[in-house]
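Here the structure is laid out as structure tokens; the discussion comes afterwards.
The values are calculated or read from the model by the stated rules, or taken from the named source; none is laboratory data. The structure presented is a predicted model; accordingly, all values stated were derived computationally and were not measured. Here Cβ is always computed from backbone atoms with ideal geometry, including for glycine, and neighbour counts include all displayed protein chains.
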Amino acid sequence: MANNYLKEIVNKSYPYGFVTAIESDALAPGLTEETIHAIWEKKKEPEFMLAWRLQAYRHWLTMTSPQWAHIQYPAIDYQSIIYYSAPRANKEGPKSLEDVDPKLLETYKKLGIPLHEQGRLAGVAVDAVFDSVSVATTFKAKLAEAGVIFCPLSEAVQTHPELVEKYLGSVVPYRDNFFAALNSAVFSDGSFVYIPKGVRCPMELSTYFRINSAKTGQFERTLIIADEGSYVSYLEGCTAPMRDENQLHAAVVELVALDNAQIKYSTVQNWYPGDENGRGGIFNFVTKRGACRGVKSKISWTQIETGSAITWKYPSVILQGDDSVGEFYSVALTHHHQQADTGTKMLHIGKNTRSTIISKGISAGHGQNTYRGMVRMLPTAANARNFTQCDSLLLSATCGAHTFPFVEAKNPTAHVEHEASTSKIGEDQLFYCRQRGLSQEDAVSMIVNGFCKQVFKELPMEFAVEAQKLLEVSLEGSVG
Amino acid sequence: MLSINGLHVSIQDEKQQAKTILRGLSLHIKPGEVHTIMGPNGSGKSTLANVLAGRTEYQVHGGHVEFNGEDLLALTPEERAARGLFLAFQYPVEIPGVNNMYFLRTALNGVRKQRGLSPLDAADFLTLVKAKAQEVGLNEAFLQRAVNEGFSGGEKKRNEILQMLLLEPRFVILDETDSGLDIDALQMVAQCVNRHRNAQRSVLVVTHYQRLLDYIVPDVVHVMVNGRILKSGDKSLALELEAKGYGWLEAGEIR
């Protein structure tokens, strides 16, 4: 393209790359059974948790990290990582927002996530996780009125051990994969949600994850249980400081939907992606899975993935209950030297189960973007239906898009549909917009947003706008 | 308004060979005039339209284009648009997922900003765009669809004319806007263009057929062959071409 001037536009730097100077209480780097004991003690967890963590750790020692993804990265030294880091507090833990360190409140304010309850996101309850621990949860009282439990997982382990023991690891067992095993051994916090029978959660729930300390891995774990006939919409956001070395993030998210329950889970992932030469950035190895255990239950994943140096993530749904529904809507953008290998698994077990997969991959610069999907129809899945659409948009001559769909239908009445497309951003489209007076950047942004529209419309209103803006920032100077 | 002197243009073909299309073309259009360019396939008519609008894959080797006193070729496509140059495309592109109404409003408010006017709010714009859509005979439903997506050929052309009416350009290039239009649509498009005409606005009509000129009566007709204007005249030249074809002119051209 002749528009070389665009290449000269310096990319807007990652706006969340600052570090908060706060004293932290951290373990020494390295991972042994003692590390796990130490975490368990710090979290004051019941006995069953120690046994489970140690089982996971011992299993992890027998595993090797997966090699099948279309990503390249240097071997990770697991003994150089700090597995627990918490901002040092004077007391046991913040009882209310007044007890939270003002520096932390300031950090979240800078990130645009005000933790005071009349903030910009009023109407959204926020749990803020800073490095290894949750530092504040808002709107607790209002949620309690509805019977909704929304608290740090470390708190739920003590206040609702029966729920945790029943459901933790029930969707993603520690044996599931290398990173899930590691997470099970060392996770320190995350969010816990329980929506009682018949309750429609009165507000959006949101967790905001922030990595601050250097050399620290973040291993959060989220567990959401929607009891019969309930509904919840949950959103997570994430950022991290700019650092030259890579940092590991290995989270696990488990969702359980019982009869007629619905869970809508949205992610806006904006971990530090590394610089334009591919230095630094977060390694994001995440296991997310939902189980539609009940009849007519529904789990819907929506993800906007713009950050991280490496994204390895396949939010999936096990469609066990008859007539249950699974959905996966994804926009993954890779710019500079980012690599994303992402997609979903839909496992159809029950009768008349339905799933929809809409994946939009955008590659710019030297970015590599892979869709990897698996749709399995078991012999029991009579009349099951799947529709898959994966589209890729290329913004440069040096980027790449790859699609690895896997389909297996073992029931003759099951029906699977797959559509895929790859296109280079149209010169004709760009010229058309510019002839009507739009600048090149506005034209790119408009075309890309149009490309992603099917996914954006699935996001809660407040976040759809954020996602569009995020895409604009991430794409600056990407066409040239 | 527009003054083209000795314009030479080439494009790289698939084999990376430079292919010359315009060979020393000159053309002068005054404010308020309507000019028509006719010519056989491959004579360079659409290339001229695209070069004037600023498509980047063409290489200009010589010549000069002045637009209201400015060097047109030094401007980006969006700068040309801001100065009132409008191209009604021969093949309008589809932009999936981008709402037509949103697109039109963004374009209009961009132009208004350039002209020092305040942007139209959603309600004012809606009133305006509905009236204009009716004028070009485009069903309102098309405003809520994605830009040109799934439009028929005729609907796409009407959508182009709708944009012309909204943006109120000073210089309009109609690139084979008549192709693919039935007679009713043709008349309606012509009426819109005629209403748009005034002493300050000029139009360049690129067409294969005399038919459109029954409705949009040109001041000057040019015949373009092999990248150059071979003959210019009044409307009677178009009728002569209709009767005799281009062969008699091409025969006189030294290749």
Among the residues of segment B:16-41, which ones are on the phi < 0 side of the Ramachandran plot, modelled with pLDDT under 95, under 20 Å from the mean Cα position of the chain (by Cα) and not in a strand (DSSP E or B)?
-> B:Pro40, B:Asn41
Scanning segment A:267-295 for residues that are farther than 27 Å from A:His337 by Cβ and touching a strand residue (DSSP E or B) at 6+ places or on another chain (Cβ under 8 Å) gives A:Arg289, A:Gly290, A:Ala291, A:Cys292, A:Arg293, A:Gly294
Tally, over segment A:173-193, of residues that are buried (at least 24 other Cβ atoms within 10 Å of the Cβ) and not in a helix (DSSP H, G or I) | 7
Condition test on B:Asn41, is it touching a Gly at 6+ places or on another chain (Cβ under 9 Å), within 30 Å of B:Ser236 (Cα to Cα) and not basic (Lys, Arg)?
-> no
Restricted to segment B:48-92, and to residues that are within 14 Å of chain A (Cβ to nearest Cβ) and of a type in the set (Val, Ile, Thr), which residue is nearest to B:Leu204 (Cα to Cα)?
-> B:Val51
So A:Lys453, is it surrounded by fewer than 21 Cβ atoms within 10 Å (Cβ to Cβ), touching a strand residue (DSSP E or B) at 6+ places or on another chain (Cβ under 6 Å) and over 22 Å from A:Trp301 (Cβ atoms) = no
When segment A:426-436 is checked residue by residue, the ones that are at the interface with chain B (Cβ under 7 Å from one of its Cβ atoms) and either under 26 Å from B:Arg170 (Cβ atoms) or in contact with a Pro (Cβ under 7 Å, 6 or more places away or on another chain) (or both) are A:Asp428, A:Gln429, A:Phe431, A:Tyr432, A:Arg434, A:Gln435, A:Arg436
Residue set B:Gln144, B:Gln163; condition in contact (Cβ under 8 Å) with a residue 40 or more places away in the chain, exposed (fewer than 15 other Cβ atoms within 10 Å of the Cβ) and of a type outside the set (D, E, K, R); output residue B:Gln144
Quick check, is A:Leu471 touching a helix residue (DSSP H, G or I) at 6+ places or on another chain (Cβ under 7 Å), part of a helix (DSSP H, G or I), modelled with pLDDT under 85 and within 14 Å of another protein chain (Cβ to nearest Cβ)?
-> yes
Flagged in segment A:324-365 as more than 23 Å from A:Lys469 (Cα to Cα), assigned to a strand (DSSP E or B) and of a type in the set (Val, Ile, Thr), in numbering order, are A:Val325, A:Thr344, A:Thr356, A:Ile357
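Condition check ((1) surrounded by 24 or more Cβ atoms within 10 Å (Cβ to Cβ); (2) aliphatic (A, V, I, L, M)) across all residues:
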{"site": "A:Leu248", "(1), (2)": "no, yes"}
{"site": "A:Val252", "(1), (2)": "yes, yes"}
{"site": "A:Leu258", "(1), (2)": "no, yes"}
{"site": "A:Tyr272", "(1), (2)": "no, no"}
{"site": "A:Gly290", "(1), (2)": "yes, no"}
{"site": "A:Arg293", "(1), (2)": "no, no"}
{"site": "A:Ser297", "(1), (2)": "yes, no"}
How many residues, within segment A:190-211, are farther than 14 Å from A:Ile224 by Cα, under 18 Å from the mean Cα position of the chain (by Cα) and not basic (Lys, Arg)?
-> 3
Would you check which residues across segment A:380-409 are small (Gly, Ala, Ser) and surrounded by 15 or more Cβ atoms within 10 Å (Cβ to Cβ) and list them?
-> A:Ala381, A:Ala382, A:Ala384, A:Ser392, A:Ser396, A:Gly400, A:Ala401, A:Ala409
Out of (1) surrounded by 24 or more Cβ atoms within 10 Å (Cβ to Cβ); (2) over 24 Å from A:His70 (Cβ atoms), the odd one out for A:Ile304 is which?
-> (2)
Which listed residue is modelled with pLDDT of 80 or more, surrounded by fewer than 15 Cβ atoms within 10 Å (Cβ to Cβ), within 13 Å of chain B (Cβ to nearest Cβ) and in contact with an Asp or Glu (Cβ under 6 Å, 6 or more places away or on another chain), from A:Ser421, A:Ser445, A:Ser439 = A:Ser421
Subset of segment B:151-182, residues within 14 Å of chain A (Cβ to nearest Cβ) and among the acidic types (Asp, Glu), comes to B:Glu160, B:Glu168, B:Asp175
Residue among B:Val51, B:Val98 that is hydrophobic (A, V, I, L, M, F, W, C) and over 24 Å from B:Ile11 (Cβ atoms) | B:Val98
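Let's see how each residue does on (1) surrounded by fewer than 17 Cβ atoms within 10 Å (Cβ to Cβ); (2) under 30 Å from A:Tyr231 (Cα atoms); (3) at pLDDT below 90:
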| site | (1), (2), (3) |
| --- | --- |
| A:Thr62 | yes, no, no |
| A:Asp99 | yes, no, yes |
| A:Pro102 | yes, no, yes |
| A:Val133 | no, yes, yes |
| A:Ala144 | yes, yes, yes |
All positions within segment A:194-223 that are over 22 Å from A:Ser154 (Cα atoms) and assigned to a strand (DSSP E or B) = A:Arg200
Go through (1) buried (at least 20 other Cβ atoms within 10 Å of the Cβ); (2) modelled with pLDDT under 90 and name the single condition B:Leu239 misses.
-> (1)
Out of all the residues in segment A:289-311, which are assigned to a strand (DSSP E or B) and touching a Pro at 6+ places or on another chain (Cβ under 8 Å)?
-> A:Arg289, A:Gly290, A:Trp301, A:Gln303
What do you reckon, is B:Asp13 more than 14 Å from chain A (Cβ to nearest Cβ), surrounded by fewer than 15 Cβ atoms within 10 Å (Cβ to Cβ) and modelled with pLDDT of 95 or more?
-> no
Can you pull out the residues in segment B:113-150 that are under 25 Å from B:Gln191 (Cα atoms) and either facing another protein chain (nearest Cβ under 10 Å) or in contact with a Ser or Thr (Cβ under 8 Å, 6 or more places away or on another chain) (or both)?
-> B:Val147, B:Asn148
